[in-house]
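Following: one structure in structure tokens, then a few remarks.
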Amino acid sequence: MDDQKKMVQKVQNKDMVLWADRKTPEYDTVMVFFAFEDTLKVQKVRSFLETLEESEVNHAILVFAKKVTPKAKEELRNYQVEMFTVSELFKNRTLHHLVPKHETLSPQEVTELLKKYELTSTHELPRYRPTDMVVRYYNWPHGTVVRIYRILGNQQEPSLYYRVVDDKA
């Protein structure tokens with residue numbers, strides 16, 4: 001924990017860095033950076049990335065006030081950094097009454113789904129973009145198949161399945 005405190009002190013006092021341990025196989029620790037300037041510039045992003053690399057953390061969340069310069073976004077492209085504006089985090093939008101329940105399918109459930117609907121691959125499912133609010137909230141990686149529970153009329157079973165794809169797909 002002493003190393004973490006040293007890393008946090010390297011970031012300027014007006015910024016804030018949080019550490020969180022998650023009990024998942026993908027990430028041991030998540031680092032959360034808060035930048036309070038109206039425009040997040042490349043120098044500040046480099047400072048955050050330096051702290052991230054020194055701490056050997058694989059996953060980070062960057063919370064910024066209003067906007068990020070194109071050069072700063074370019075710096076972040078090779079890192080696993082989720083980006084949110086402060087206003088996006090005021091409410092948990094996945095709890096809104098118009099947003100249906102979402103859950104990921106296990107590999108076995110995906111196989112059963114493909115058989116049930118006589119599909120040859122998940123590429124035949126509708127696509128969810130990484131920029132979608134729900135995908136961003138859950139940080140689902142490319143290839144994840146998601147079940148969306150929508151009650152349409154008297155139908156009580158899940159009615160939609162999506163796969164998460166890269167923006168390029």
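No value in this document is a laboratory result; all are computed from the given coordinates. Keep in mind that this is a model prediction, so the values were computed, not measured. Cβ: placed from backbone, ideal geometry, glycine included. Neighbour counts: every protein chain shown.
Remarks
- Violating pairs (Cα-Cα greater than 23 angstrom) within the set Lys44/Lys67; Lys44/Lys91; Lys44/Lys73: Lys44/Lys91
- Over segment 93-164, Cα pairs under 8 Å with separation of 6+ residues give a relative contact order of 35 percent.
- Relative compactness, segment 93-164, computed as alpha-carbon Rg over 2.2 N^0.38 Å: 1.11
- Ranked Val86, Val81, criterion: other C-beta atoms within 10 Å, fewest first: Val86, Val81
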